[in-house]
Amino acid sequence: MSTTPPSASDATARDGNRTDATADASTAAPRTHDPGTATAPGRTTLPAAAEGNTNAAGAQVATPATVWDPDTVELGWPTLLSHLARCCSTPRGAARASQLPPLPDTASVTEMIALVSEARALAAGAQGLAIEPIAELGPALLRLAKDGTLSGAALYEVARTLQSLAALRALLTRQRTLAPRIAARAAALHALEHVWRPILACCEPDGALADHASAELGTLRRRVRELKQRILQQMKRLLETPRIAKQLQDHYFTEWEDRCVLPVRAEAASAIDGLVLGCSASGATVFVEPAAVMGLSNELKVQQVAVARETARLLAELSALVRSEHPGIAADLELATELDLIVARARLAQRLDAQPAAVAEDAQLVLRGLRHPLLVLAGGEVVAHDVALLPQQALLISGPNAGGKSVCLKSVGLCALMLRCGMHLPVASESRLPCYHHVWANIGDEQSIERNLSTFTGHLGRLLGYLERADRGTLLLLDEITTGTDPGEGAALGQALLEALVERVGQLVVTTHYDTLKTLPLGDRRFVNASVGFDLQRLEPTFELHRGVPGSSFALAVARRLGLPAALSTRAQHLLGEQATLTTELLVTLTDERTRLRQAQQQHAAAELRAVAERQGYERQRAELRQRDQQALTQAHREALTELQRARVELKQLRAALRRSAGPEPASGEPLRTLDRQLSVLARTIGAHEPRPAPPPGPKLRAEALVVGAQVQLAELGAPAEIVELPQRGRVTVLLGGLRTKVRLDQLHALAPPAGHGAGPAAAAPRSLSEPGAARAAAALDTPGRGPDNTLDVRGLRVEEALRATDRFVDRSLLEGRELVYVLHGHGSGALRAAVRAALERSPSVERCRAAAPDQGGEALTVVWLR
């Protein structure tokens, strides 16, 4: 076998017919290894040096011998890295991203995944995460390392970069609670404010030094401006002098070698007192510096030289300031690049809607909801796959052409490479996969005229190289194994190779059309079948991956549906052979049945969603009706209470009028007492029908906790019920308002404790008011004293809670016919007492209120007389 590597033109020709998302990347870099040589095919050498080819000073550094195996080109890895580079904020980060090497070990991978998760959390936070512009300072630092002086523009660029690094350090330090790992790394950035602040104070954005950079520079520049102004004024006067004006070629003056001159006619040059500095191309005009400005021009030149000297001194001084912090600046640029790559990983993960995958310690590969990252980035709908493999297990993917077999294979490979770089993966949660040492892929045509290789021999040469060098840390991806030769021999050779390879690699993913290979899982648990779906009605792939079922190529079925004459179809089936025909028809039937089953499942799921939506709609309507009924009852109760209060006021007024008209002879009050008793009965009736909100449901009940006769609550209705029969098949028979009905077990809740239960004395008094016996006893007293039935304790409540409790207490007291009640609020700061008394004085139901007598509680208690 020839060992000459294929040329770039071979790689381009080989990939010219490819239509997937990696076609452009596949032509970018040809293979550079021969699997038939002693070198391992695709062996990944982990880098021992920092990423990239230059250090922070721009000097060349050692580059790892091999960063990624050339096989990764076929997976589209360079294209994905270009997307990562576009997510970077710095030129250095983008350059590193396009050549991103794998991380050295599992611990580094796990740490990087956690860092990317923190970066995504920061980006989603209120302050966001943005790295301000950071320039590539390598050339500037290299010049300083050689004792050079930077220009003003270069110094300004250095200062702005250092200022951006300081802002980044401050931002990440503030977010150390949300992102402790990133904040810890950012803390290593040096505080170089003493470097960048003086530079920004001296340099303008265009690189020019400001006048205030030094007192000397300001003085010199002012003198230069004054001299220029005096020269201009003198030249204008000369133009207006008649003796000189008539000797000029035109009425203007200009500059020649930074000195002001007049355009004089050549024949009149001697008529002007001055020095000839030059002439025009035609010789008709000479340029004369007038003697009147020669002294000023000479002095201007001297001052300009002084300005240049002072500028050079300042630039040298500022350059020395930067040079003194050269190591710290170089380290900061490296750290900033590292942070930029972390943020770029987070941005790419966000665009992919990716999830952090775990490194599988058990060497299992479990990718749930796997999507091809390049297809996701390209936009459009991407069908997700579920791929799962045990250690030393092979997945055999079969099915029609263009059905998504290669896409699934490449998706697995790209995820393995992304994990090695600490990226989040385009998968669902709970995905995991090993951290592979090698990811090898054999995809495409191996033909090479220069190397005297056919498609089959090139493909076989690589397979033999894999067989020799593979180990348990290898993920091997083979597209259309052993094609390009006799199908029978190719299938037999493919089976032999797969049986040998599966013993040596970690996991193996293979696409094939060979029926012989599809039968391997029947007798060998190291192999698992999978197939890509195909819709026979629409003659198009579904791109879904079905585990455990082999797939047909559907060549004859597609041909018949496309109009292949029946005779030709029959002839093709006859040539195919009876057994092969039966196998193909069985696979076609199985696929058709699976399609119908999937459609039925989708219809069932849609119907279930509609049912859930309808039920939620009914529940909303029922809740709205209950709310309207509650509002109507509340309004009616308020109106009845208002009428009752009015009747009591009128009764009190009649009693007072009767007393006044009786004079010395007492009048009979029996009619009024009868009316009072009737109002009391009416008050109790109204109180009994006071609408109360349904209590919140208690905890859910388990079947073993239910007993016949127990009181429970129906969560949806908020109504109490009694258990009549124990659960049967998840349904319980209850008695609800005299009606027997069956409800689901999950609808039953324990009865919630009464409002305020366990709240202490503050809740005890209002609860006792609802006891009819106590109410009747208190109402029977002519002058009731203070007791638990006519006292409201609001100590410990907030002002809003106390006012609501007081309002309800007054209403209930009126319904029970009380005339005197008490509100216990305590001393405290006095705020609660003032708020309660102010509310009582405003209440139309209160005649007056005051503090209690000292022996009854004084200012801690308020006595209330009701109307």
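When Leu508, Leu520, Leu460 are checked against the criterion of being open to solvent by 10 Å² or more (accessible area, probe 1.4 Å) and closer than 27 Å to Val73 by Cα, a single residue qualifies: Leu460. Pairs meeting the criteria (first residue in the stretch 543-555 and farther than 15 Å from Val387 by Cα, second residue modelled with pLDDT under 80, beta carbons under 6 Å, at least 6 apart or on different chains) are Ser552/Thr584; Ser552/Leu587; Ser552/Val588; Ser553/Pro400; Phe554/Pro400; Phe554/Phe534. Selection of first residues in the stretch 339-365 that are closer than 24 Å to Leu168 by Cβ and in contact (Cβ under 8 Å) with a residue 60 or more places away in the chain and of second residues that are outside any helix (DSSP H, G or I) and of a type in the set (Lys, Arg), restricted to Cβ pairs under 7 Å at least 6 apart or on distinct chains, gives an empty result. No other residue among Val261, Val224 is within 17 Å of Leu296 (Cβ to Cβ), among the β-branched types (Val, Ile, Thr) and in contact with a Phe, Trp or Tyr (Cβ under 7 Å, 6 or more places away or on another chain) apart from Val261. For the stretch 136-157, the set of residues classified as assigned to a loop (DSSP other than H, G, I, E, B) and of a type in the set (Lys, Arg) consists of Lys146 only. When the strands (runs of 3 or more DSSP E) confined to the stretch 269-372 are screened for residues that are open to solvent by 40 Å² or more (accessible area, probe 1.4 Å) and over 30 Å from Arg221 (Cβ atoms), those reaching at least 1 such residues are found at 274-279, 365-370. You will find that of Asp782, Asp789, Asp807, the residue that is over 30 Å from Glu704 (Cβ atoms) and modelled with pLDDT of 80 or more is Asp807 and no other. With respect to (1) over 23 Å from Glu430 (Cα atoms); (2) touching a strand residue (DSSP E or B) at 6+ places or on another chain (Cβ under 7 Å), the lone exception for Ala320 is condition (2).
Here is a yes/no grid of residues against (1) under 19 Å from Ile134 (Cα atoms); (2) open to solvent by 20 Å² or more (accessible area, probe 1.4 Å); (3) of a type in the set (D, E, K, R):
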| residue | (1), (2), (3) |
| --- | --- |
| Ala170 | yes, yes, no |
| Ala188 | yes, yes, no |
| Val195 | yes, no, no |
| Ile231 | no, no, no |
| Arg243 | no, yes, yes |
| Lys246 | no, yes, yes |
| His251 | no, yes, no |
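For first residues located in the stretch 459-475 and more than 11 Å from Tyr436 (Cα to Cα) and in a loop (DSSP other than H, G, I, E, B), partners that are open to solvent by 40 Å² or more (accessible area, probe 1.4 Å) and modelled with pLDDT of 85 or more and lie 6+ apart or on another chain with Cβ distances below 9 Å form the pairs Ala470/Arg504.
When you scan the stretch 93-139, how many residues do you find that are closer than 17 Å to Ala358 by Cβ and open to solvent by 30 Å² or more (accessible area, probe 1.4 Å)?
Number of matching residues: 8.
When the residues of the stretch 530-552 are filtered to those that are surrounded by 20 or more Cβ atoms within 10 Å (Cβ to Cβ) and more than 17 Å from Ser411 (Cβ to Cβ), the one that is modelled with the highest pLDDT is Pro550. Being within 60 Å of the chain's Cα centre (by Cα) and among the aliphatic types (A, V, I, L, M) narrows it down to one of Val286, Val293, Val264, Val307, so name that one. Checking each option against the conditions leaves just Val307.
With respect to the conditions (1) surrounded by fewer than 22 Cβ atoms within 10 Å (Cβ to Cβ); (2) on the phi < 0 side of the Ramachandran plot, Lys405 falls short on a single one, namely (1). Quick check, is Val846 β-branched (Val, Ile, Thr), open to solvent by less than 40 Å² (accessible area, probe 1.4 Å), free of Cβ contacts under 8 Å to residues at least 60 places away in the same chain and within 19 Å of Glu639 (Cα to Cα)? When the stated conditions are applied, Val846 passes them. Starting from residues that are under 20 Å from Leu714 (Cβ atoms) and either touching a His at 6+ places or on another chain (Cβ under 6 Å) or aliphatic (A, V, I, L, M) (or both), keep the ones in the stretch 613-636 and report whichever is surrounded by the most Cβ atoms within 10 Å (Cβ to Cβ). Taking the candidates together, the pick is Leu633.
Name the residue, out of Glu216, Glu226, Glu204, Glu157, that is open to solvent by 20 Å² or more (accessible area, probe 1.4 Å), over 30 Å from Arg259 (Cα atoms) and among the charged types (D, E, K, R).
Glu157
Scanning the stretch 825-843 for residues that are buried (at least 19 other Cβ atoms within 10 Å of the Cβ) and either in contact (Cβ under 8 Å) with a residue 40 or more places away in the chain or in a loop (DSSP other than H, G, I, E, B) (or both) returns His825, Val836.
Yes or no, residue by residue, for (1) modelled with pLDDT of 90 or more; (2) at positive phi; (3) in contact with a His (Cβ under 9 Å, 6 or more places away or on another chain):
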position	(1), (2), (3)
Gly218	yes, no, yes
Arg223	yes, no, no
Leu227	yes, no, no
Ile231	yes, no, no
Lys246	no, no, no
Glu267	no, no, no
Asp273	no, no, no
Pro290	yes, no, no
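Matching residues to (1) modelled with pLDDT of 85 or more; (2) in a loop (DSSP other than H, G, I, E, B):
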site: Val67; (1), (2): no, yes
site: Glu74; (1), (2): yes, no
site: Pro78; (1), (2): yes, no
site: Ala85; (1), (2): yes, no
site: Ser89; (1), (2): yes, yes
site: Pro101; (1), (2): yes, yes
site: Leu115; (1), (2): yes, no
site: Ala121; (1), (2): yes, no
site: Gly128; (1), (2): no, yes
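Taking each residue of the stretch 305-327 that is within 16 Å of Ala153 (Cα to Cα) and looking for partners that are crowded, with 18+ Cβ neighbours inside 10 Å and small (Gly, Ala, Ser) with beta-carbon atoms closer than 7 Å, six or more apart or interchain, yields Leu314/Ala213; Leu315/Gly152. Across the stretch 489-506, what is the number of residues that are in a helix (DSSP H, G or I), in contact (Cβ under 8 Å) with a residue 24 or more places away in the chain and either among the acidic types (Asp, Glu) or closer than 20 Å to Arg472 by Cα (or both)? The total comes to 6.
Only a single item in (1) within 58 Å of the chain's Cα centre (by Cα); (2) over 16 Å from Arg795 (Cβ atoms); (3) modelled with pLDDT of 85 or more is not met by Leu824, and it is number (2).
The values are calculated or read from the model by the stated rules, or taken from the named source; none is laboratory data. Computed from a predicted model, the values in this text were never measured in an experiment. Note: ideal-geometry Cβ built from the backbone for every residue, glycine included; neighbour counts use all protein chains shown. Just so you know, the surface numbers come from the protein's heavy atoms only, side chains and all, with ligands and any DNA or RNA stripped out. Shrake-Rupley method; radii C 1.70, N 1.55, O 1.52, S 1.80 Å.
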